[in-house]
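Asker: First the structure, then my questions, so here it is.
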Amino acid sequence: MIYSFIIFSSLYLGVCFYLSRGLKKIGVAKIAGAPESEKKTAAHKYVSVIVCARNEEENIGRLLECFLRQTYPADRTQVIVVNDRSSDKTPDIALSFRDRFGDFRLVNISDSQTEFAPKKFALEQGIRCAKGEIIAQTDADSVVAPDWLERLVAPFADDEISLVQGIVKYRFEKPAPFLLETYQKLDFFSHGIVAAAGIGRNMPLNSNANNWAFRKETYETLGGYGSFDKSVVGDDCFLVQKIWRSGKKIFFNADSFVQTRPEYSWRNLINQHKRWGSETRYYPPKQFAVLSVIFAFYCFTIIALVAIFVSRRDFALVPALFAAKILGELLFMYRGLSILGEKKFLPHIIWVSPINLFLTTFLILSGVFTKFHWKGGEFGARMTRKRKENL
């Protein structure tokens, strides 16, 4: 057991060190310090902002109000809302904003037009209607600052950049249990930090389309989502990895952030993470290998914990394994939380880390092999329904 401990711990800490080095290499776009010529070049690009919404009557109006306050030139902005089979007032509320935008489009998708992966189908319809050179995305339940689009799009002044990933943070608008809120914030920060580190290492591991933008030409040249259209989730991760495999440049923009709605119950949080876990089966070999090292370390730690109830010979290895996990996370989370301006969460890693180990292991396995609920439906990791293209 001691040799296994050395091997798994060394591999895990090696991956953590590898990721921490990636954080040193990420680009940071600072609008305030950018040359005026660069701002102007970025502002000349026509941008289509796409929002997919299903039963978002409580949120869509607030987001569209945020869009109306954007500092990015209104005459260079198109807003597209894709109404994905809503049964509430989402399309009516969206249409009420039509005359307040210079270029606004509402795309309606009916029940009969559901395809392999509903979210990807909705995004495809929105992108087809897009006039912009740049496609920007966020979610209907998000809140964005007035300079969000300006900051997000600024890096495209560099013609070599094909995709820009920004930061996403949770916005708690009502009270939540301390344990749930703190765990969820720190866990979500870790996803963003891993995304930044992967981009910094030129090997993107995950992404978040709640705050990102890409060139429409790149999307079309690579064939859109292509073979990934049967995966229910992962539209963001799969597209960023597809762009990476093509050799095009990806930029992590720590100067742009979006606030989104969290989950307010452990049940909903577990279902959400099952959905995220279902996409791991489609990762490219290199990314899959890196994530497999982390997952194998988690599994070994759980097995070692169970084994001490059978034999107490290796009892000391269990706290050593948990210590290695915490140390590894501190290794890259310190720099990452510094970038996010959230260093106050560092002490919470000590108690969040063990919980995360058990939950992550369970949720990845259940996400791949069991069902989860999303937007009123029940799904597995892969859809089998026949795709229909007509609108």
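Asker: Principal axis extents for region 75-190, Cα atoms only, whole Å, descending order, please.
Answerer: Projected onto its principal axes, the Cα set of region 75-190 covers 42, 42, 33 Å.
Asker: Counting other C-beta atoms within 10 Å, which of SER4, SER9 has the fewest, and how do the rest follow?
Answerer: Ranking SER4, SER9 by Cβ neighbours within 10 Å, fewest first, gives SER4, SER9.
Asker: Using a simple spin-label model with points 7 Å from Cα along the Cα→Cβ vector, what separation in nm is obtained for PHE345 and ASP159?
Answerer: For PHE345 paired with ASP159, the spin-label model returns 3.9 nm.
Asker: For region 77-88, in order, what is each residue's ³J(HN,Hα) by Karplus, 6.51 cos²θ - 1.76 cosθ + 1.60 with θ = phi - 60°, in whole Hz (x at glycine and Pro)?
Answerer: Listing the rounded values in order: 10, 10, 10, 10, 9, 9, 7, 8, 6, 5, 10, 10 Hz.
Asker: As a footprinting exposure proxy, order GLU133, GLU56 by other Cβ within 10 Å, with the fewest listed first.
Answerer: GLU133, GLU56
Asker: Taking 30 Å as the cut-off for C-alpha to C-alpha distance, list the pairs among LYS169/LYS242; LYS89/LYS344; LYS131/LYS174 that go past it.
Answerer: Over 30 Å apart, Cα to Cα: LYS89/LYS344; LYS131/LYS174.
Asker: I would also like to ask the following. For region 244-338, with the dipole built from +1 on Lys and Arg beta-carbon atoms and -1 on Asp and Glu ones, taken about the Cα centre, which of ALA296, GLY328, ALA316 lies farthest toward the positive end?
Answerer: ALA296
Asker: Let me make sure I get this right: for region 241-332, a, b and c are the square roots of the gyration tensor eigenvalues over alpha carbons, sorted descending. Under 1.5 in a/c it's rounded, otherwise prolate if a/b > b/c, else oblate. Which is it?
Answerer: It comes out prolate by the Cα gyration axes.
Asker: Under a point spin-label approximation (7 Å from Cα along Cα-to-Cβ), what is the LEU13-PHE309 distance to one decimal in nm?
Answerer: Inter-label distance under the simple model: 2.9 nm.
Asker: Assuming R0 = 25 Å, can you tell me the calculated FRET efficiency for the pair ASN108 and GLU173, based on Cβ-Cβ distance, to the nearest 0.05?
Answerer: Working from the Cβ atoms, E equals 0.30.
Asker: Right, next: Under 5 Å between amide H atoms, partner at least 5 residues away or on a different chain: which partners does ASP255 have, H built in plane at 1.01 Å?
Answerer: Sorted by chain and number, the residues that satisfy this are ALA29.
Asker: Dipole size in debye (nearest 20) for region 108-187 around its Cα centre, Lys and Arg Cβ +1, Asp and Glu Cβ -1?
Answerer: Values: 9 positive and 14 negative charges, 53 e Å.
Dipole size: approximately 260 debye.
Asker: Go through region 178-186 residue by residue and turn each phi into a ³J(HN,Hα) via Karplus (6.51, -1.76, 1.60, θ = phi - 60°); whole Hz please, and just put x for glycine and proline.
Answerer: 3, 4, 5, 5, 5, 4, 5, 5, 5
Asker: Just grab the label-to-label distance for GLU263 and THR221, each label 7 Å out from Cα along the Cβ direction, in nm (one decimal).
Answerer: 3.8
Asker: Treat the count of other C-beta atoms within 10 Å as a stand-in for reagent exposure and order TRP266, TRP244 from fewest to most.
Answerer: TRP266, TRP244
Asker: Another one. Hey, what do the phi angles of region 331-345 turn into as Karplus ³J(HN,Hα) couplings, whole Hz, using 6.51/-1.76/1.60 and θ = phi - 60°, x for Gly and Pro?
Answerer: 4, 10, 6, 4, 5, x, 5, 5, 4, 7, x, 10, 5, 5, 8
Read the figures in this text as sums done on the coordinates, not as results from a lab. The model shown is predicted, which means the values in this text are computed figures rather than measured ones. Note: ideal-geometry Cβ built from the backbone for every residue, glycine included; neighbour counts use all protein chains shown.
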